[in-house]
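Only one structure is covered here, and it is reproduced in the block below.
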Amino acid sequence: MAGAGATYLFGTYSSEIKTTLGYDQTTINLLGFSKDLGGNIGVLSGLVAEVTPTWFVLLLGAALNFGGYFMIWLAVTEKIPKPKVWQMCIYIIIGANSQNFANTGALVVSVKNFPESRGSLIGLLKGYAGLSGAIVTQIYLAVYGNDSKFLILLIGWLPAAISIVFVYTIRPLRPVKHPNEGRVFHHFLLISIVLAVFLMAITLTEKVITFSKAAYAGITTVACVLLFAPLFIAIREELLVWKLKKQPIIPPPTKTTINTPKGEVDKSKQEAMFDDKSCFLTLCDKPKKGEDYTILQALTTIDMCILFFATFCGLGSSLTAVDNLGQIGESLGYPNKTVTSFESLFSIWNFLGRVFSGFVSEILIVKYKLPRPLMMAIVLLISCVGYLLVAVPAPGTLYVASIIIGFSFGAQLPLIFAIISELFGLKFFSTLFNCGQMASPLGSYILNVKLTGPLYDREAMKDLTAKGLTRSQAKELTCIGPWCYRLPFIILTSVTFIGALSSLVLVARTR
């Protein structure tokens with residue numbers, strides 16, 4: 001999962017694509033949408049996972065990852081003729097879609113292996129994916145130096161290599177009840193927070209100190225040690241599980257009969273009768289909330305529609321902010337090195353948002369019976385503050401905005417996935433959780449490509465006209481000033497607020 005978050009680095013290398021291929025901001029935002037489309041349309045990986053073993057899912061994802069990003073690198077380094085825009089869109093869709101295979105292979109299998117800790121587990125795993133940007137950035141600086149063209153190459157081969165190396169270690173296991181399962185996940189959380197704090201300290205230090213390549217090599221080594229530290233906890237706990245397995249186990253009853261009036265059949269026969277029905281015939285015969293829904297049953301519920309709308313508003317706005325973060329820093333006059341710091345800060349707080357929402361929502365729902373959709377509404381309201389700081393910037397506020405946007409963006413994903421698992425069961429979770437995030441690329445397209453990009457280009461054209469230039473005379477269309485993103489982010493704030501209200505509707509329906 002720590003190698004499955006390369007899509008969050010788009011803001012770092014998008015300016016390289018823009019300069020090398022001579023694109024305007026609308027075209028860059030179209031590429032950003034294509035990246036979001038590929039990264040969030042995970043139905044294919046979900047369906048593949050339903051009928052193939054996990055190792056095949058991971059290997060297919062590795063092939064897509066390398067193929068897509070390697071073609072982008074060849075285009076940016078001009079090793080192939082300049083591709084058309086639609087070709088670049090296909091390359092980035094293929095590359096970004098690979099992360100769904102890593103997500104499906106690692107996350108779904110782990111949730112099924114530890115169903116009673118799903119909130120904490122989803123938060124932890126998605127947290128490492130969110131931290132991926134900062135980890136890959138340090139590796140890139142240590143291996144290639146500060147050349148963003150080689151960053152594209154790195155995110156092409158590194159995640160693919162990780163999937164290949166660990167392909168047989170990720171597999172479904174027979175769940176064994178662990179006496180201290182919660183404590184173990186808290187130990188994992190502690191190590192991950194230490195890693196995040198270390199990366200954040202390095203990121204802030206980079207603003208005042210220029211590290212040598214050897215220094216970056218040392219930093220990357222420490223980061224990798226912290227990344228693999230949970231392995232030792234896992235070995236310790238495997239030994240404990242092995243000892244538990246050696247103890248005699250009283251076998252459970254072989255058959256469960258439902259205590260219902262005379263003439264009723266047992267539970268196993270009921271399930272067999274239900275499974276024999278066509279999925280279309282069971283559309284109106286939906287089970288209770290929390291039981292296993294079929295894919296069509298879940299997708300046709302009002303609850304899923306509300307969740308889709310909240311995802312459209314929340315993740316659509318967040319993805320728009322993420323994809324434009326590099327250009328936002330440029331428009332406000334920050335140097336390129338500082339813009340890279342924004343990306344790393346976003347990545348780290350994205351991680352903290354994910355683990356926070358996963359673990360805290362688990363505590364709130366178990367101890368205080370506060371539902372996850374309520375926390376979703378709170379997170380969306382927090383993100384509105386970050387968007388307003390971009391719309392009305394002051395000196396240094398972009399640091400705060402990147403932290404708030406990163407935290408709120410990260411917090412949304414574990415909540416969405418956990419809500420889906422709680423409402424619709426785990427039987428078809430690999431497909432349903434991928435369906436659940438399909439609304440985010442639609443939101444990204446409307447809010448990013450159709451709204452933010454054109455509004456930015458309109459302001460940039462005003463700058464060109466003021467300088468007495470035409471579009472054909474300028475190599476790239478760039479806007480400098482606090483007004484460049486003001487109107488788009490005011491609109492994003494309004495859309496996200498509406499998404500928060502829709503989450504409250506889901507709270508009422510699932511109370």
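What the table below lists for this structure:
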read-out	value
Filtered residues of region 189-224 (kept if buried (at least 19 other Cβ atoms within 10 Å of the Cβ), of a type outside the set (A, V, I, L, M) and at pLDDT 85 or above)	Ser192, Tyr216, Thr220
Yes/no for Ala75 being assigned to a helix (DSSP H, G or I), surrounded by fewer than 18 Cβ atoms within 10 Å (Cβ to Cβ) and more than 17 Å from the chain's Cα centre (by Cα)	no
Unique residue being crowded, with 18+ Cβ neighbours inside 10 Å and either of a type outside the set (D, E, K, R) or in contact with a His (Cβ under 9 Å, 6 or more places away or on another chain) (or both) when the list is Ile90, Ile94	Ile94
Pick from region 68-98, criterion out of contact with any Leu (no Cβ under 9 Å at 6 or more places or on another chain) and among the basic types (Lys, Arg), ranking: farthest from Thr26 (Cα to Cα)	Lys79
Residue within region 194-206 that is outside the structural domain of Val109 (by the TED database) and more than 27 Å from Phe359 (Cα to Cα) present	yes
Of the criteria (1) over 15 Å from Ser192 (Cβ atoms); (2) surrounded by 24 or more Cβ atoms within 10 Å (Cβ to Cβ); (3) modelled with pLDDT of 85 or more, which one Gly119 fails	(3)
Whichever residue in region 479-506 is open to solvent by less than 40 Å² (accessible area, probe 1.4 Å) and either outside the structural domain of Lys369 (by the TED database) or among the hydroxyl-bearing types (Ser, Thr, Tyr) (or both) and, among such residues, is modelled with the lowest pLDDT	Tyr485
Given (1) closer than 25 Å to Phe56 by Cα; (2) modelled with pLDDT under 85, number of the condition Leu158 does not satisfy	(2)
Close pairs from region 404-426: first aromatic (Phe, Trp, Tyr), partner modelled with pLDDT under 85 and not in a helix (DSSP H, G or I), Cβ under 6 Å, at least 6 apart	Phe424/Tyr293
Qualifying residue in region 100-112 (condition: assigned by the TED database to the domain that holds Ile41, touching a residue at least 60 places away in the same chain (Cβ under 8 Å), open to solvent by 30 Å² or more (accessible area, probe 1.4 Å) and in contact with a His (Cβ under 9 Å, 6 or more places away or on another chain))	no
Any chance Leu345 is closer than 24 Å to Ile139 by Cα, touching a residue at least 40 places away in the same chain (Cβ under 8 Å) and among the hydrophobic types (A, V, I, L, M, F, W, C)	yes
Residue within region 394-404 that is touching a Ser or Thr at 6+ places or on another chain (Cβ under 9 Å), open to solvent by 10 Å² or more (accessible area, probe 1.4 Å) and among the hydroxyl-bearing types (Ser, Thr, Tyr) present	yes
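For every residue, the table says whether it meets (1) open to solvent by less than 40 Å² (accessible area, probe 1.4 Å); (2) at pLDDT 85 or above; (3) on the phi < 0 side of the Ramachandran plot.
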position	(1), (2), (3)
Val339	yes, no, yes
Glu343	yes, no, yes
Tyr368	no, no, yes
Met375	yes, yes, yes
Ile382	no, yes, yes
Leu388	no, yes, yes
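The values are calculated or read from the model by the stated rules, or taken from the named source; none is laboratory data. Remember, it's a predicted structure, so these values are computed and weren't measured experimentally. Positions of Cβ are generated from backbone atoms using ideal geometry, with glycine treated the same way; all protein chains shown enter the neighbour counts. Side chains are part of the model used for accessible areas, which takes the heavy atoms of the whole protein and leaves out ligands, DNA and RNA. Shrake-Rupley method; radii C 1.70, N 1.55, O 1.52, S 1.80 Å.
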